[in-house]
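The values are calculated or read from the model by the stated rules, or taken from the named source; none is laboratory data. No experiment lies behind these values; they were computed from the predicted model shown. Methodologically, a virtual Cβ is constructed for each residue, glycine included, from the backbone with ideal geometry; neighbour enumeration extends over all protein chains shown.
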Amino acid sequence: MPDPVLENQQLAAEAEDEEQIYAPTQDDLPCDDGIPMETYRHKLQMDILMDAYGNWLTATQQQGFIGGNMFVYFNPDQVRNQDYRGPDVFVVKDVPSGERRSWVVWQEGKAPDVVIELLSPSTAKRDKTKKKQIYQKQLRVTEYFWYDPFNPEDFAGFDLQAGVYHPLSFDDQQRLMSQQLGLALVRWQGIYKQVETVWLRWATLEGELLPTDGELVQQERQRVEEERQRADRLAAKLRELGIDPDQQ
């Protein structure tokens, strides 16, 4: 007579093997919960972080990925429980760039290295408690930051030490450092996409802001204008010497 205990163990093992073989990929998993960003400013804050970091990766020829308002799957239970919410902004080092529908840890081989949550009245408590615990205990995200786009004083960071988050200290310029990325997070008063406020931005350790797409265009225009002015000054000098620059 078959042993029911052994049968159950065998069935459980077969089910586990089947789940591993047919583990869903980003193409199989939901990538949209139909819930928009909290406000337009939240969207812009996400964009300014993503644009600038993406440009920095390109400029420094580093591999990496930055995602925003997209799901991070680290456990198949998320699918079963329909727990699809993800970080507002997250960074993964040393992985190929390119589009993802979602970040699937078992497919990519690693979890995010840095997470930034953008606080709002409806999410702040959860971001500071439940989500923080998930990032600490389950995803083991090395660095976790939060920032309120409407209250710049509500800005904090944590790094994972022996499995527990410890608060990061502000430096003398009121910056929080990301040791993982070798960059700083700074509060910057300025205009982005016609909205003036205090934005959270990436900066080098030397204090140079990582430029957004619009700032890169402006820098290129300025470079071209400086080149034109330099050429005009040289042409004027040649004419003073009796040389026609147009004949050179």
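Taking the numbered list (1) within 16 Å of the chain's Cα centre (by Cα); (2) closer than 18 Å to GLY68 by Cα in turn, MET177 passes all entries but (2). Beta carbons closer than 6 Å, at least 6 apart along the sequence or on distinct chains, pair a first residue in the stretch 87-109 that is farther than 24 Å from SER120 by Cα with a second that is hydroxyl-bearing (Ser, Thr, Tyr) for VAL104/TYR73; GLN107/THR25. Residue pairs whose Cβ atoms lie under 6 Å apart, sitting 6 or more positions apart in sequence or on different chains, and linking a residue in the stretch 60-76 that is farther than 26 Å from HIS42 by Cβ to a partner that is basic (Lys, Arg), do not occur here. Evaluation of THR197 against the conditions (1) under 27 Å from GLY109 (Cα atoms); (2) touching a residue at least 60 places away in the same chain (Cβ under 8 Å) shows that the sole unmet condition is (1).
Output the number of residues of the stretch 174-187 satisfying the condition of being part of a strand (DSSP E or B) and of a type outside the set (A, V, I, L, M, F, W, C). Residues meeting the conditions: 2.
Whether a residue is surrounded by 14 or more Cβ atoms within 10 Å (Cβ to Cβ), out of contact with any Leu (no Cβ under 8 Å at 6 or more places or on another chain) and farther than 25 Å from ARG187 by Cβ was assessed, and VAL105 does not pass this test. In the stretch 198-220, the qualifying residues are those that are of a type in the set (D, E, K, R) and within 15 Å of MET46 (Cα to Cα), and the one that is modelled with the lowest pLDDT is ASP213. Scanning the stretch 185-197 for residues that are under 17 Å from LYS43 (Cα atoms) and buried (at least 19 other Cβ atoms within 10 Å of the Cβ) turns up just one, TYR192.
Within the stretch 234-248, restricting attention to residues that are surrounded by 10 or more Cβ atoms within 10 Å (Cβ to Cβ) and of a type outside the set (Gly, Ala, Ser), which residue is modelled with the lowest pLDDT? This residue is LEU238.
Taking the stretch 87-102, which residues are at pLDDT below 90 and buried (at least 21 other Cβ atoms within 10 Å of the Cβ)? Listed by number, the list is empty, since nothing qualifies. For the stretch 138-184, a residue qualifies if it is under 25 Å from LYS43 (Cβ atoms), surrounded by 16 or more Cβ atoms within 10 Å (Cβ to Cβ) and of a type in the set (Asp, Glu), and the qualifying residues are GLU143, ASP148.
Table: residues versus (1) more than 22 Å from GLY64 (Cβ to Cβ); (2) outside any strand (DSSP E or B).
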residue: LYS137; (1), (2): yes, yes
residue: GLN189; (1), (2): yes, no
residue: VAL198; (1), (2): yes, no
residue: GLU215; (1), (2): no, yes
residue: GLN218; (1), (2): yes, yes
residue: GLU226; (1), (2): yes, yes
residue: ILE243; (1), (2): yes, yes
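The criterion of being at pLDDT 95 or above, hydroxyl-bearing (Ser, Thr, Tyr) and outside any strand (DSSP E or B) does not hold for SER122.
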